[in-house]
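Take a look at the structure below.
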Amino acid sequence: MALVSDKNWSEGVYMALGKLGEYRVVSSTREAADILLYRWPVDSGDAYTTALLVCQNVMEGTLPPDEAKHAFILAAEEAGIFVVENLPRHMTLILPDPGAKKTDMKFYPKKRGQRIYRSR
């Protein structure tokens, strides 16, 4: 459940983090800060340091939440992590089953005429 204190973004970003082909949606400043601190592949770089500071300022209420989103995207690009703001039109998103231990998602090419997301 998302809380107001999570500082939710206007829209989430899709990112690869972990195994090849597995993606997750990051939609709040708190979630981005947790990923930067505990799951990020590198712990240096200008964009990484800036993203941590921006997340802290957003959590303190001195910056709007979407500033953290922008800083997070720049840090991902610096670290060589695939990140995209919009789901590619030619791909479909496979969601995990409700109650599954893993929350990662996968993208697959759409089949002709497929228009909706489907769960696995």
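The values are calculated or read from the model by the stated rules, or taken from the named source; none is laboratory data. The model shown is predicted, which means the values in this text are computed figures rather than measured ones. Backbone-built Cβ (ideal geometry, glycine too); neighbour counts: all protein chains shown. Keep in mind that these areas ignore ligands, DNA and RNA; they rest on the heavy atoms of the full protein, side chains included. Shrake-Rupley method; radii C 1.70, N 1.55, O 1.52, S 1.80 Å.
Observations on the structure shown:
Per-residue answers, yes or no, for (1) touching a strand residue (DSSP E or B) at 6+ places or on another chain (Cβ under 6 Å); (2) modelled with pLDDT of 60 or more:
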{"residue": "Ala47", "(1), (2)": "no, yes"}
{"residue": "Asn57", "(1), (2)": "no, yes"}
{"residue": "Pro65", "(1), (2)": "yes, yes"}
{"residue": "Ala68", "(1), (2)": "no, yes"}
{"residue": "Ile73", "(1), (2)": "yes, yes"}
{"residue": "Phe82", "(1), (2)": "yes, yes"}
{"residue": "Asp97", "(1), (2)": "no, no"}
{"residue": "Asp104", "(1), (2)": "yes, no"}
{"residue": "Lys111", "(1), (2)": "no, no"}
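- Checking each residue in the range 63-79 for being open to solvent by 70 Å² or more (accessible area, probe 1.4 Å) and out of contact with any Gly (no Cβ under 8 Å at 6 or more places or on another chain) picks out Pro64, Glu67, His70, Leu74, Glu77.
- Residues of the range 23-32 that turn out to be under 17 Å from Glu67 (Cβ atoms) and in a strand (DSSP E or B), as a count: 3
- Positions within the range 4-57 being among the basic types (Lys, Arg) and without any contact (Cβ under 8 Å) to a residue 24 or more places away in the chain, in sequence order: Arg39
- Subset of the range 33-60 [open to solvent by less than 50 Å² (accessible area, probe 1.4 Å) and either touching a Gly at 6+ places or on another chain (Cβ under 6 Å) or outside any helix (DSSP H, G or I) (or both)]: Trp40, Gly45
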